[in-house]
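Visitor: Quick one: the structure is below, questions incoming.
The values are calculated or read from the model by the stated rules, or taken from the named source; none is laboratory data. Just so you know, these numbers come straight off a predicted model, no measurement behind them. Here the Cβ positions follow ideal geometry from the backbone for every residue, glycine too, while neighbour counts run over all protein chains shown. Ligands, DNA and RNA are excluded from the accessible area calculation, which covers all protein heavy atoms including side chains. Shrake-Rupley method; radii C 1.70, N 1.55, O 1.52, S 1.80 Å.
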Amino acid sequence: MELDLRQAIVQRVQGKEDTELTDIIEGSIDSEEMALPGLGVLFEIIWKNSTEATRKKMVTVLQKQLPAGHPNRS
């Protein structure tokens, strides 16, 4: 049976207790770049299951944490 990356990540966290999920997330933050796809899948799940208000709040938090300026603009 062949699993794609999303399925493998979901299977890794399914059935975990709150503290276990927290440990997985915190252990992935500021870790090796290999952990980034996993965090992306978890964020995708959160995003898809969030209200519009929650999404707006997440975007606002992200905007506040990004460096100022527009490096891609001339």
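Visitor: Which angle between 0 and 90 degrees, to the nearest 10, do you get for helix 52-65 versus the longest principal axis of the chain when only C-alpha atoms count?
Guide: So the helix axis and the longest Cα principal axis differ by about 60 degrees.
Visitor: Quick one: the Cα spread of the chain along its three principal axes, in angstroms, biggest first?
Guide: Dimensions of the chain along the principal axes of its Cα atoms: 48, 28, 24 Å.
Visitor: Grab the other residues whose beta carbon is less than 13 angstrom from that of residue 10, score K and R as +1, D and E as -1, and report the net.
Guide: +2
Visitor: Continuing with the same structure: What do you get for the angle between helix 18-28 and the principal long axis of the chain? Use alpha-carbon atoms, 0 to 90 degrees, nearest ten.
Guide: The angle comes out at about 60 degrees.
Visitor: By how many nm would the segment from residue 48 to residue 35 grow when fully extended, if each residue of separation counts as 0.36 nm and the alpha-carbon distance is taken off?
Guide: Numbers: separation 13, 0.36 × 13 = 4.68 nm, distance 2.03 nm.
Net length gain for the segment: 2.6 nm.
Visitor: What stretch of the chain, leaving out the sites themselves, is the longest with no GluC sites (Glu not before Pro) in a DSSP loop having at most 11 other Cβ atoms within 10 Å?
Guide: Values: sites that count: 2, 17, 32.
Answer from the scan: 33-74.
Visitor: Please give the net charge around residue 63, taking every other residue with its beta carbon less than 12 angstrom from that of residue 63, where Lys and Arg add +1 and Asp and Glu add -1.
Guide: On the way: positive: 56, 57, 64; negative: none.
Here the charged neighbours net out to +3.
Visitor: Here is a further query. Report in % the part of the accessible area of the chain that belongs to carbon and sulfur, leaving out ligands and nucleic acids; probe 1.4 Å.
Guide: On the way: 3620 of 6700 Å².
Carbon and sulfur atoms account for 54 percent of the accessible area of the chain.
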